[in-house]
Structures are given as structure tokens and as C-alpha cells.
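Visitor: One structure coming up, written as C-alpha cells, with questions to follow.
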């Protein structure tokens, strides 16, 4: 049913098969507990009906990554973590040739996060075990149970993909799904620019001085986690950074009392943290501006009209409402209307197939609510 590949010469056979077929079913098993980046245990591939389990701990997969980027299509179920891993190991973004069966099934009314197990049951009436999810995928040798679990994750994937694609094509939705998958893989590869890191931690309650402190702490933390390959929370949690700028400690004793800070961080990096809090750019013009309050909602009358637009499009297209419009996209539309931003700055999801039928009509509706939206965003100096 599957072949476990852990010798480099055996990988050549898989690569040759990949050259003869350009659609692959893919999945990964990895560990990401105490590191910033995932450690690959096994990479599963279904190529032309053959299942191979590639040993991530033993193989040089450079040629394998290259083939994924050149493929006609890479099929996944719930691809986000897999794509993140590929980007890290391949040191290349963006994988644009993806079909995610989970995204496809969301268009068919199965919810935004249907599990692989439930997907197989509802689409193919196939039952699989999911008891190895928390396994140690870096242990060697892998148990027969682990190998079977890993193989199952791609064994049925192409059948599932074919069924989902057929149902989507019958509803004329396949191109929309493929476009959403492209937006997803692009989104996974995006990183906050270094100059804007404070926005990942700060909020509208922070003063400009606190935002400058958060920016300096966030840049330092980012350098640390990449140098040490540790999760951000191992250096400083976001909540701890907020506590630091609120308490503004002046010495090691005060620093030790800050909520959630690790003793080893105080010991090894206490002076650095205190300096980052104390020494800020002299020119306040260089400090970040206050952040706007998040807009929670439009006025009740406009909210009803927004809901009606989304409901009508949902009925016309048979696409569930939660797939058509997410909260964060609606929030981006609020900001767009208030700040008169360029449409090209909107999330990619709102610019493609949604634009004419949904995005543009919603912007038109929200323009009549501009003053109400603006009031919510105001921050007292």
C-alpha cells in the first residue's frame, strides 16, 4: 500500500514518477513544539496512485521541492501548515498550483474546517483511524501504526479531490475555489514588515511612546527567535510585552515582577530589555502613530443592508455566507471606506471573483455609513 523511502537513491524513483505525472496528493507529519520552524518527520505523496512516505530526517529533498513548484497541481486537505513547512524548507514562496479539498468542501456547505476524517466519511463513506495525531514523528524507527496513519492521509486524497472537484464543477464553482486557494497560499507566505511589527502586538489603547517601545521589543524578539529557532512565546509573549510597556520597569527587580516573563530571559537579556524600553528615538516624529480602534460593526440599518447583499449573493451562487465574507474581510472594507484607501490594498480574496458581485456593492452600501464608522475609530489623545 505504501513505500517508506529513507535512502537517497530510492528517492530518484519517486522523482522519476513525479516527472511522468504532474498532479500530486500531499501531506506532512512534523513536530513544532519548541521551535519557530517545523521539523519535518515524514512527507507523504500520492503520485499516480502510488503512496510514498519520504523520511524528512534522512533525505535531501531539494529536487522534490523543485518539482512541487513546477507541478500542474498539488492537492492537500487543510494545507496551511503543510505550505508553511514547504516554504521554510524550500526557501521559496509562493506555491500557486494548489487545490485544497477543505476549501473546496467549504463551498459545498461542509463548514470552513471540515476534518480529513469527516471529509472521507461524508464524501466517500470511508472510515480511517486518527489516533496517531500526537505521535513523535522524529522518532526512528517509526511504528507500523504511524506509517499506516501517514499513508492513509494521502491514500484516499486523490479520490476525495476528484469527487469534490466534480461537485464544484457541476455548480460552476471550481474556478472560484482555485482562486481562493491561490489567495490562501499567498497569505501563508506573507510576513509583517519589520517596520510594522508593533501592529502585531499593540492596540488602540497604547500611547505613541508605548507603541515605540513595543516596536523596539518586537524587532529584538524577531531577531532572537530567528537566531535561536525558538517560538516567540519562549522569548516574550505578546501579553508580557504589553505588561512591560504598561509597568515600564527601570531595574531588574521591577522587571522580574512583570507578568509572564521567564526568569532565564530576565537573567540573560534583562539589560537589553530595559534599554529597549528606556532609549527611544529622540525625534517623536519617528514614533508610530496611535492605532485606530477596531470597527466592531456598521449602524444597524446599514448592517441589515450588508447582510441582505451577502444573503442574496449566497442564494444566487449557492456559496455559503461564511465562505463569501469573513469578519476580517468586512473589517478591511470598513477601514477602506473610512480611510479612502486604494482598492488594491484590500485582501486578495475581495478583488477576484467576489469583486463585481460582492465587494463593489458592499463598498457602495458602506459609503453611506462613513460617519458612523469613523466615530468608532477615533482615539482620544
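The values are calculated or read from the model by the stated rules, or taken from the named source; none is laboratory data. Here the structure is a predicted model, which is why all the values come from computation and not from measurement. Reconstructed Cβ throughout: ideal geometry from the backbone, glycine too, with neighbour counts over all protein chains shown.
Visitor: Taking the criterion of being closer than 30 Å to residue 123 by Cβ, touching a strand residue (DSSP E or B) at 6+ places or on another chain (Cβ under 8 Å), assigned to a helix (DSSP H, G or I) and modelled with pLDDT of 95 or more, would at least one residue in region 188-205 satisfy it?
Guide: Checked against the condition, which is being closer than 30 Å to residue 123 by Cβ, touching a strand residue (DSSP E or B) at 6+ places or on another chain (Cβ under 8 Å), assigned to a helix (DSSP H, G or I) and modelled with pLDDT of 95 or more, region 188-205 yields no hits at all.
Visitor: Within region 281-316, which residues are in a loop (DSSP other than H, G, I, E, B) and surrounded by 12 or more Cβ atoms within 10 Å (Cβ to Cβ)?
Guide: 287, 288, 290, 291, 292, 293, 294, 295, 297, 298, 299
Visitor: Got a number for residues in region 21-68 being within 22 Å of residue 165 (Cα to Cα) and either assigned to a helix (DSSP H, G or I) or free of Cβ contacts under 8 Å to residues at least 24 places away in the same chain (or both)?
Guide: Residues meeting the conditions: 1.
Visitor: So which residues in region 353-381 are within 21 Å of residue 203 (Cα to Cα), without any contact (Cβ under 8 Å) to a residue 24 or more places away in the chain and part of a helix (DSSP H, G or I), if there are any at all?
Guide: Matches in region 353-381: 375 only.
For every residue, the table says whether it meets (1) over 30 Å from residue 288 (Cβ atoms); (2) at pLDDT below 95; (3) in contact with a helix residue (DSSP H, G or I) (Cβ under 7 Å, 6 or more places away or on another chain); (4) assigned by TED's automatic domain parsing to the domain that holds residue 108.
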| position | (1), (2), (3), (4) |
| --- | --- |
| 145 | yes, yes, no, yes |
| 155 | yes, no, no, yes |
| 167 | yes, no, no, yes |
| 180 | yes, no, yes, yes |
| 209 | no, no, no, no |
| 217 | no, no, yes, no |
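One line per residue, one yes/no per condition, for (1) outside the structural domain of residue 147 (by TED's automatic domain parsing); (2) in contact with a helix residue (DSSP H, G or I) (Cβ under 6 Å, 6 or more places away or on another chain); (3) closer than 25 Å to residue 326 by Cβ; (4) surrounded by fewer than 16 Cβ atoms within 10 Å (Cβ to Cβ):
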{"position": "8", "(1), (2), (3), (4)": "no, no, no, yes"}
{"position": "27", "(1), (2), (3), (4)": "no, yes, no, no"}
{"position": "42", "(1), (2), (3), (4)": "no, yes, no, no"}
{"position": "54", "(1), (2), (3), (4)": "no, no, no, no"}
{"position": "72", "(1), (2), (3), (4)": "no, no, no, yes"}
{"position": "101", "(1), (2), (3), (4)": "no, yes, yes, no"}
{"position": "108", "(1), (2), (3), (4)": "no, yes, yes, no"}
{"position": "114", "(1), (2), (3), (4)": "no, yes, yes, no"}
{"position": "118", "(1), (2), (3), (4)": "no, no, yes, yes"}
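Visitor: Please enumerate the residues belonging to region 249-280 that are closer than 30 Å to residue 378 by Cα, touching a residue at least 24 places away in the same chain (Cβ under 8 Å) and either touching a helix residue (DSSP H, G or I) at 6+ places or on another chain (Cβ under 8 Å) or assigned to a loop (DSSP other than H, G, I, E, B) (or both).
Guide: 249, 276, 277, 280
Visitor: Do you know which of the residues in region 317-352 that are under 18 Å from residue 105 (Cα atoms) and assigned to a helix (DSSP H, G or I) is farthest from the chain's Cα centre (by Cα)?
Guide: 317
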